[in-house]
Amino acid sequence: MKIIFVTGQLQNGGAEREIAAFSSVFAGLNQEVHIFCLNDKAGDYEIDPRVRLHRLSLTSRVRIPKLRVLFRWRNATPELRNLHADIILAISLPAKYFPVVWLAASFSKTKLLHAVRNNPEKKYTAKEDRKAWRRAARFADGIWIQTEAQRRFFSTRIQKKLFEVPNILNPRFLKIPERERKEIRRFISVGRFHPQKNQKLLFEAFAKMLERTGDPYATLTIYGQAMPWDGPVEEELREMIRSCHLEDRVFLPGRVKEIEKCYEEADAFVFGSDYEGLPNALMEALATGLPCISTDCPTGPSALITNGENGMLVPVGDIETMSRAMQYFLQHPQDANRMGRAARCRMQSWESQEALAGRLLENFRRICG
């Protein structure tokens, strides 16, 4: 089977990580796989050398803005059509480029699929983007969702096109040695600096906890970086840290390659997103046996955590409840460790990457008839 992934970029994101993971497993299953990116094809994630990377050409010399968009679509379409793929899968693609993949698949045997990697109601806030997404769902031959909860975003008619396959969990996180934490003081979080991830919530909750408990050793470390289009979230957070004089308690070391070591050395993981699909960072933290606290987004965390059993869930945007949950871990390390053990046990039963890729491939074949 010939499969094409079309995406915006291959850097610093959960969807991009899944493209790298699934495409590499597909290549190992002797499928022909291509990845088309809108920008530079170099990425942050390791990809099987048998996967072919392309940059999607969107150049145009037309000066009239609306005509320039049309000519960009026209220029990009032949690159995709000429491969005569069985499947074109749009994943983490900006809404304005949906017509490119639709034109490439139309009037051919190629099937067009879209992947839901987030909460569409939150991701597509602009009116034009929402319209583009609804059109894309109507024209798609299939729609890949991560969790059953994402089904409710679609009408009954569109739901017939949906199929569910969750994210791949890299097995290296399950290999991190399990340990009993006598104290819960080193809190960490992982994620790019974007308003969606709401790292400000974590900082404010942590600062409140320090104010209440007066603990002299607790720290919060947030790993990640911002992309150029993500806004000034990181700068604003650094200013908040300075204004509260917490430079020796809250750290922003940037993005690290060997994140497993950070999980191994931490005592607890906190996650503050306002909305999600199925968060990879939370899956990884649970797999390492870290006690975890997460906001209860409409989709994602509740598919991984049962509150009080293998982690704690708090309402979205609730600083006080997040702060109380962090304080609970601080003051009840034995219970936190119990949740961490249960989390690791839960993730040990996660399907293997080969099994999940096989499930996805079965749906591709079904859609191709």
Next item on the list: At 0.36 nm per residue, minus the direct Cα-Cα distance, what do LYS96 and GLN11 gain on full extension? Give it in nm, one decimal, please.
Entry: 28.6 nm
Next item on the list: Would you work out which of LEU237, PHE173, THR213 lies farthest towards the positive end of the dipole of the range 165-237, given +1 charges on the beta-carbon of Lys and Arg and -1 on that of Asp and Glu, about the Cα centre?
Entry: PHE173
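Let's see if you can work this out: charge +1 on each Lys and Arg Cβ, -1 on each Asp and Glu Cβ, no other charges. What is the dipole magnitude of the range 232-313 about its Cα centre, in debye to the nearest 20? Mind showing how you got there, number by number?
Working: 6 positive and 16 negative charges, 10 e Å.
With only Lys, Arg, Asp and Glu charged at Cβ, the dipole is about 40 debye.
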Next item on the list: Once you have a ≥ b ≥ c as the square roots of the Cα gyration tensor eigenvalues for the range 171-348, tell me rounded if a/c is under 1.5, and otherwise prolate or oblate according to whether a/b is larger than b/c.
Entry: rounded
Margin query: Using a Förster radius of 35 Å, what is the FRET efficiency between ASP318 and CYS345 based on their Cβ-Cβ separation? Nearest 0.05, please.
Written below: 0.80
Next item on the list: Please get the size of the charge dipole for the range 238-286, origin at its Cα centre, with Cβ charges of +1 on Lys and Arg and -1 on Asp and Glu, quoted in debye to the nearest 20.
Entry: 220
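Sorted by packing (mean other beta-carbon atoms within 10 Å per residue), highest first, where do 272-279, 347-354 land?
On the way: 272-279: 24.5, 347-354: 14.1.
Ranking, from highest mean packing down: 272-279, 347-354.
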Notebook entry, point to check: In the range 169-252, which trypsin sites (Lys or Arg not before Pro) fall in coil by DSSP and have 15 or fewer other Cβ atoms within 10 Å?
Noted result: ARG179, LYS182
Checklist line | About the Cα centre, charge dipole magnitude for the chain (Lys/Arg +1, Asp/Glu -1 at Cβ), debye | finding: 2000
Notebook entry, point to check: Cβ under 11 Å from PRO166's Cβ, PRO166 left aside: what net charge do those residues give with Lys, Arg +1 and Asp, Glu -1?
Noted result: -3
Check: What number comes out for the charge environment of ILE241, summing +1 per Lys or Arg and -1 per Asp or Glu over other residues with Cβ under 12 Å away?
Finding: -3
Check: Once both axes come from the Cα atoms, what is the angle between helix 233-243 and the longest principal axis of the chain, in degrees from 0 to 90, rounded to 10?
Finding: 20
Notebook entry, point to check: For the residue pair PHE139 and ARG365, what label-to-label distance in nm results when each label sits 7 Å from Cα along the Cα-to-beta-carbon direction?
Noted result: 2.9
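Going through the range 177-231, which chymotrypsin sites (Phe, Trp or Tyr not before Pro) have at most 13 other Cβ atoms within 10 Å and a DSSP loop state?
On the way: sites: PHE187, PHE193, PHE203, PHE206, TYR217, TYR223, TRP229; in loops: PHE193, TYR217.
Filter output for the range 177-231: TYR217.
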Check: So between TRP229 and GLU309, what do we pick up on full extension, going 0.36 nm a residue minus the alpha carbon distance?
Finding: 25.0 nm
Check: What is the gain in length, in nm to one decimal, between GLU183 and ARG151 on full extension, counting 0.36 nm per residue of separation less the C-alpha to C-alpha distance?
Finding: 7.5 nm
Next item on the list: Considering only GLN199, GLN225, GLN331, give the residue with the highest GNM mean-square fluctuation for the chain, with springs between Cα atoms whenever their separation is below 10 Å.
Entry: GLN331
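Taken together, the values in this text are just the output of simple stated rules run on the coordinates, not laboratory data. Since we're looking at a predicted model, the values are computed, not measured. All Cβ positions, even for glycine, are placed from backbone atoms using ideal geometry, and neighbour counts span all protein chains on display.
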